[in-house]
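Enquirer: This structure is in structure tokens; I'll ask about it shortly.
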Amino acid sequence: MRLDVVTIFPEYLEPLNVSLVGKARARGDLDVRVHDLRAWTHDRHHTVDDTPYGGGPGMVMKPEPWGEALDEVLADAGDDEQPVLVVPTPSGRPFTQEMAVELSGKPWLVFTPARYEGIDRRVIDEYGERLDVREVSIGDYVLAGGEAPVLVMVEAIARLLPGVLGNAESHRDDSFAPGAMAGLLEGPVYTKPPEWRGRGIPEVLLSGHHGRIARWRRDQALARTADHRPDLIAGCDPSALDKHDRAA
Ligand code: ADE
């Protein structure tokens with residue numbers, strides 16, 4: 001998979017050299033290219049923003065540097081390989097696990113993290129005519145820019161790529177993953193030692209009884225979801241609950 005990021009803070013994307021994403025890059029599973037938007041400015045001050053038409057606070061990112069940058073990045077696009085343009089913005093559609101799964105199936109993603117009040121709308125309209133453009137929010141809060149959301153999205157997407165997680169089953173029980181635990185948050189997990197500061201391991205996990213363990217995990221997931229995210233229980237398809245769930 002190829003990922004391009006156009007930003008005025010290339011150094012903000014340095015965590016993409018670390019851990020799971022860094023290793024996927026080193027292996028060649030991920031081709032990550034970070035570009036400095038200011039390279040496509042032509043004035044002495046490398047200006048990327050200006051005051052908003054209609055007035056109001058803050059500054060708006062000028063369309064020309066974005067247009068030149070995206071034209072150059074997209075120059076590699078062929079008829080059969082068009083990237084998805086991902087525009088992080090608090091006014092976008094919510095980023096979800098479902099969206100991460102969908103985007104992990106694309107060959108090429110281009111991210112355009114903005115600063116200030118955002119990018120001149122004409123840029124999104126222009127590329128929206130030729131590309132699949134997604135305006136995406138990572139949550140109902142406003143950050144100072146889209147770089148942190150890019151890190152969040154790339155990590156969520158990259159860990160789903162084949163061969164990136166050591167154990168392909170690691171995402172099977174993820175909170176929000178489809179499957180037996182669909183719609184539920186993951187419950188608690190334990191490892192060695194069997195006793196730590198006087199605290200033991202729930203007896204059932206030591207029983208070797210797969211049926212009882214699966215039932216216990218599901219009860220834990222249900223209890224945790226009811227406590228932390230009652231909205232997910234309310235939105236749960238009743239057919240996804242079994243008779244033991246209902247009793248719990
Ligand atoms: N830029 C600023 N806040 C954001 C958010 N919550 N999601 C995506 N991009 C953003």
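The values are calculated or read from the model by the stated rules, or taken from the named source; none is laboratory data. This structure is a prediction, so every number in the text was calculated from the model and none was measured. Please note: Cβ atoms are built from the backbone with ideal geometry, for glycine as well, and neighbour counts cover all protein chains shown.
Enquirer: With respect to GLU135, is the statement that it is exposed (fewer than 14 other Cβ atoms within 10 Å of the Cβ) and among the acidic types (Asp, Glu) true?
Expert: Against the criterion (exposed (fewer than 14 other Cβ atoms within 10 Å of the Cβ) and among the acidic types (Asp, Glu)), GLU135 does not qualify.
Enquirer: Same structure, new question: Could you look through segment 104-141, keep only residues that are within 14 Å of the ligand (Cβ to nearest atom) and not in a loop (DSSP other than H, G, I, E, B), and pick out the one that is farthest from ASP76 (Cα to Cα)?
Expert: Here the residue is SER137.
Enquirer: Here's something else I'd like to know. Suppose we filter segment 203-248 for residues that are surrounded by 14 or more Cβ atoms within 10 Å (Cβ to Cβ) and not hydrophobic (A, V, I, L, M, F, W, C); how many remain?
Expert: Adding up the residues that qualify gives 9.
Enquirer: What are the residues in segment 65-103 that are among the aliphatic types (A, V, I, L, M), under 14 Å from the mean Cα position of the chain (by Cα) and part of a helix (DSSP H, G or I), if any?
Expert: Those that are among the aliphatic types (A, V, I, L, M), under 14 Å from the mean Cα position of the chain (by Cα) and part of a helix (DSSP H, G or I): MET99, ALA100, VAL101, LEU103.
Enquirer: Let me ask something else about it. Restricting attention to segment 1-32, report how many residues are charged (D, E, K, R), without any contact (Cβ under 8 Å) to a residue 40 or more places away in the chain and either in a strand (DSSP E or B) or closer than 27 Å to ILE119 by Cα (or both).
Expert: Matching residues across segment 1-32 total 3.
Enquirer: Further question on the same structure: Quick one: in segment 66-92, which of the residues that are near the ligand (Cβ under 10 Å from one of its atoms) and surrounded by fewer than 17 Cβ atoms within 10 Å (Cβ to Cβ) is farthest from VAL150 (Cα to Cα)?
Expert: Here the answer is SER91.
Enquirer: While we're here: Could you please tell me which pairs satisfy a Cβ distance under 8 Å, a separation of 6+ or placement on different chains, a first residue in segment 49-71 that is of a type in the set (Asp, Glu), and a second residue that is at pLDDT below 95?
Expert: ASP49/ARG115; ASP49/TYR116
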